[in-house]
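Every number in this text was worked out from the coordinates using simple rules, so none of it is lab data. Being a predicted model, the structure only gives us computed values, none of them experimental. Here the Cβ is made from the backbone with ideal geometry for all residues, glycine too, and neighbour counts use every protein chain on show.
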Amino acid sequence: MSNRAEWLQRRRELAWEHGRQLRNRLLSEYSKTYTISRVPPPAKIIDELLTDFLGAELRYDPLPSKVFAQTEWMSSSGRPRVTVNSVTSDIEGVRDADGVQNVAKWHETMHVVDDLHIVRIDLQVPLRASHHRR
């Protein structure tokens, strides 16, 4: 394996680990907030985690073709807005629109947590269909 391939593989592993840690932290906060020992499946509560636990506004609106979701900093409200493409099912290659939207929302949690405290401009880099297919 080349140095570039090794570097890329390591970055992937670190990204997955970071995502798992964020998921675990949010699920733990959910469990403590509602004093429950068994948390519902993450796909069932991701909307609430984004809005109530991370303070994001969540919308479902049509976005450009090949964009699953995007995160923006809304200076007017002082909070992040996650927009999920409401026409995900129309994107070429998408067979499970609900599943793709779920993955897109989890992906956007990373931007809400990691990126928006540094850069507070209106358009963040969207998750594009050409990079992630389901």
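Looking at the square roots a ≥ b ≥ c of the eigenvalues of the Cα gyration tensor of the chain, which shape do they give, rounded for a/c under 1.5, prolate if a/b is larger than b/c, or oblate?
Since a/c stays below 1.5, the shape of the chain is classed as rounded.
For the stretch 9-67, just say rounded, prolate or oblate: build the C-alpha gyration tensor, square-root its eigenvalues into a ≥ b ≥ c, call rounded for a/c under 1.5, and beyond that prolate if a/b exceeds b/c, oblate if not.
Oblate, since a/c reaches 1.5 and b/c is not below a/b.
In summary, the aspartates and glutamates within cross-link reach of Lys44, defined as a Cα separation below 15 angstrom excluding same-chain residues under 8 places away, comprise Asp52, Asp98.
Placing +1 on the Cβ of every Lys and Arg and -1 on the Cβ of every Asp and Glu, with no other charges, gives the stretch 44-83 a dipole of roughly 140 debye about its Cα centre. Counting only residues at least eight positions apart within a chain, or on another chain, the lysines with an alpha carbon under 21 Å from that of Lys66 are Lys105.
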